[in-house]
1. When you go through (1) surrounded by fewer than 20 Cβ atoms within 10 Å (Cβ to Cβ); (2) more than 16 Å from Q187 (Cβ to Cβ) one by one for A135, which number turns out not to apply?
2. Pairs, please: C-beta under 8 Å, at least 6 apart or cross-chain, first residue touching a residue at least 24 places away in the same chain (Cβ under 8 Å) and in the range 93-110, second among the polar types (S, T, N, Q)?
3. Return the only residue of E106, E119, E128, E74 being surrounded by 14 or more Cβ atoms within 10 Å (Cβ to Cβ), of a type in the set (D, E) and at pLDDT below 95.
4. Spot the failing condition for V144; the list is (1) in a loop (DSSP other than H, G, I, E, B); (2) closer than 26 Å to C59 by Cβ; (3) not charged (D, E, K, R), and only one is missed.
5. If you take just the strands (runs of 3 or more DSSP E) that sit entirely in the range 151-197, which of them hold at least 1 residues that are under 19 Å from R132 (Cα atoms)?
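The values are calculated or read from the model by the stated rules, or taken from the named source; none is laboratory data. Since we're looking at a predicted model, the values are computed, not measured. FYI the Cβ positions are ideal-geometry reconstructions off the backbone, even for glycines, and counts take in every protein chain you see.
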Amino acid sequence: MFKSRNVGKGLATSVLILTAIVGFGLIGMAQPARSGTGTETHLVPRQPIAAPTGFNGVCDRYIWACARGGYDTEQIGVLHLAKTVNASVNRTTRAVSDRRQYGDEEVWALPTSFGGDCEDIVLLKKRELVLRGVAPESLLIATVLDNRRAAHAVLVLRTGDEDLVLDNLKNRILPWQKTGYSFLRMQNPEAPHKWDAVLAGGVFR
């Protein structure tokens with residue numbers, strides 16, 4: 001499903017997602033917390049929420065996707081490593097929709113030899129970084145509305161200073177608040193098999 005270039009479809013998807021958020025009663029919680037300097041550095045969980053459609057079974061099939069443990073992201077070289085993995089995966093993984101590859105709208109799986117959609121690419125980036133020693137709980141999958149208000153998925157690299165976004169639409173890694181995206185929900189770093197509504201940035205400003 002994620003990352004359609006059809007703007008009409010993207011807008012329709014956005015309406016459906018926002019309607020679902022209203023149904024969870026979370027709109028009143030959409031104001032992000034701010035640091036002492038007035039700069040939003042980390043995405044703040046608002047309330048537990050159901051995992052995205054398609055995520056069920058991911059933790060069983062890919063233990064690293066919901067694991068905890070590894071070295072601290074403050075270690076020198078983590079950002080360089082993230083930039084290298086982000087650019088490499090973006091360069092070598094072709095964008096292919098689930099509908100085209102599986103005949104289904106929502107399948108979360110590692111990319112095949114044909115490629116994968118944005119969730120698949122996020123999973124691959126997380127696996128590659130975990131294999132290189134980065135703590136899984138510092139690599140959080142998030143669902144967003146992109147700058148076209150289309151549904152999309154990204155990987156959030158959480159450091160002590162800020163949350164950084166690895167995105168298959170660009171090689172540059174940006175702080176979350178500079179992406180312009182509307183962040184809907186994200187894995188819980190304390191229990192990555194669970195998800196939280198975050199409702200920050202973009203339409204939530």
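1. So the condition that A135 fails would be (2).
2. Final answer for the pair search is T93/N168; A95/N168; S97/S4; E106/T53; V107/Q101.
3. Unique residue meeting the criteria: E106.
4. Only one criterion is unmet by V144, namely (1).
5. 151-158, 163-167, 170-175
Residues checked against (1) on the phi > 0 side of the Ramachandran plot; (2) more than 17 Å from the chain's Cα centre (by Cα); (3) in a helix (DSSP H, G or I):
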residue: R91; (1), (2), (3): no, yes, yes
residue: W108; (1), (2), (3): no, no, no
residue: K126; (1), (2), (3): no, no, yes
residue: R149; (1), (2), (3): yes, no, no
